[in-house]
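Nothing in this text is a laboratory measurement; each read-out follows from the coordinates by a stated rule. Quantities reported herein were computed from a predicted structural model and do not represent experimental measurements. Every residue, glycine among them, receives a Cβ derived from its backbone with ideal geometry; neighbour counts consider all protein chains shown.
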Amino acid sequence: MIVIEPTKASKYSLLLLHGLGANGEDLANLVPMLEQQLPQSRRGQIRYLCPDAPVRPVSLNHGYPMRAWFDIYGLDAQAPVDRDGIAASVLTIRAILAEQLTELGAQNVLVGGFSQGGVIALHAALGLDEKLAGVLALSTWLPAVDLLPDRAKNPELPIFWGMGCMMRSCRCLRPSKLLSCSRRWA
């Protein structure tokens, strides 16, 4: 895992999860750009954590081993979902989150992910008892909604979900709306 410590006292933590075949370094390289987008008063106060998914064979890619948070069997809606892989990765990420929550408090911790990482970020945050500062879900989807609680534990959890070219299709959602929509789509 790549950890980029803040230049000032750590007040916030952002856990960033990469997509299929990538690694933590891919998202760690975005940190300078992210810092420049912050107001001057917030710069240098965020700890960025960019873990690596385990290397595993990915069925969609003919069993080729690569970094993946879970296996992907197919791209169509009827393809099986690797629920065990999702659950295992969520446990790993929740362990990292637990350390940050203890140190900084849930209101100062965000989790985000791209593609497969977004799946894990959403699952990890939606099942927590603590209300995080927010979730960033980029170019992702939400499989295995049956693994999520029936009711959102934190119905006011801010979720930014961006998809599409230049993130034109952006939604700010609340978990209750997300869960009801996801269950209709499942």
From DSSP H assignment alone, runs of 4+ in the chain each adding -39500 (n - 2.57), the sum over residues rounded to the nearest 500 puts [θ] at 222 nm at -9000 deg cm²/dmol
Hey, quick one: spin label on Met1, modelled 7 Å out along Cα-Cβ, who in the range 45-71 has an amide N within reach, i.e. under 13 Å? 47-54
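If packing is taken as the mean number of other Cβ atoms within 10 Å per residue, what is the order of 16-29, 90-103, highest first?
Packing order, densest peptide first, comes out as 16-29, 90-103.
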For the chain, with only Lys/Arg (+1) and Asp/Glu (-1) charged at the beta-carbon, what is the dipole magnitude about the Cα centre, in debye rounded to 20? 660 debye
Reciprocal of mean inverse Cα separation for the range 2-185 (Kirkwood radius, Å): 16.8 Å
Förster radius 25 Å - calculated FRET efficiency between Ser10 and Glu130 (Cβ-Cβ, nearest 0.05): 0.90
